[in-house]
Amino acid sequence: MSFFQKLKAGLTKTKEGMFKNLDGLFGGHKIEEEFYEELEEILIMSDVGAAVSDKIVTELRQKVKEVGCKETSEAKELLKEIIVGMMQGGEALDLSTKPAVILVIGVNGVGKTTTIGKMAHDLTQKGHKVLLGAADTFRAAAIDQLQVWADRAGVGMVKHTEGADPA
């Protein structure tokens, strides 16, 4: 089994474990302090991170009070709203440093390369000078796909051969 297959299998276990634990937590019990502690633990153990987990739980506490939820099953929709709201961003891209560097990371198949191409085009249209750096040199055709987007956006690109160390 390759490194990436092991990583994918591990992430799948993490996701499945998280959802299983959350489903059990939101099973329709009375909301008590133990509920919040267990939720935070599940989030941290699922690699959400301590700071973000704390923020999610704090915001959920407030919404539960505002809405008047009594059962954990009622709080599940509130949790979804909080997480979706956090993922929508809304913060402007900070390009105040010279040069500014944007690192794009994520799991396979989520649209990173497409997003990078669109960002390159948008930033170029706004008068920024853009240079793409190919770091996903192990995925077949990754460099070629990024080059297509660089060409579309009219920007330069730093690259090496497929399979090379991205550094």
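Here are the numbers:
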quantity	calculated
Within the range 101-156, tally of residues that are more than 25 Å from residue 47 (Cβ to Cβ), assigned to a loop (DSSP other than H, G, I, E, B) and open to solvent by 50 Å² or more (accessible area, probe 1.4 Å)	6
Any pair with Cβ under 9 angstrom, 6 or more apart, that starts in the range 119-143 at a residue that is farther than 18 Å from residue 97 by Cα and ends at one that is open to solvent by 40 Å² or more (accessible area, probe 1.4 Å) and of a type in the set (Phe, Trp, Tyr)	121/149; 138/4; 139/4
Matching entry among 74, 59, 40 (being under 22 Å from residue 21 (Cα atoms) and either more than 23 Å from the chain's Cα centre (by Cα) or in contact (Cβ under 8 Å) with a residue 60 or more places away in the chain (or both))	74
Test result for residue 93, of a type in the set (A, V, I, L, M), over 29 Å from residue 141 (Cβ atoms) and modelled with pLDDT of 80 or more	no
Residue in the range 76-88 that is assigned to a loop (DSSP other than H, G, I, E, B), surrounded by fewer than 10 Cβ atoms within 10 Å (Cβ to Cβ) and at pLDDT below 90 present	yes
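The values are calculated or read from the model by the stated rules, or taken from the named source; none is laboratory data. These figures come from a predicted structure and were not determined experimentally. Glycine also receives a Cβ, built like all others from the backbone with ideal geometry; neighbour counts cover every protein chain displayed. Surface accessibility is based on the protein's heavy atoms, side chains included, excluding ligands, DNA and RNA. Shrake-Rupley method; radii C 1.70, N 1.55, O 1.52, S 1.80 Å.
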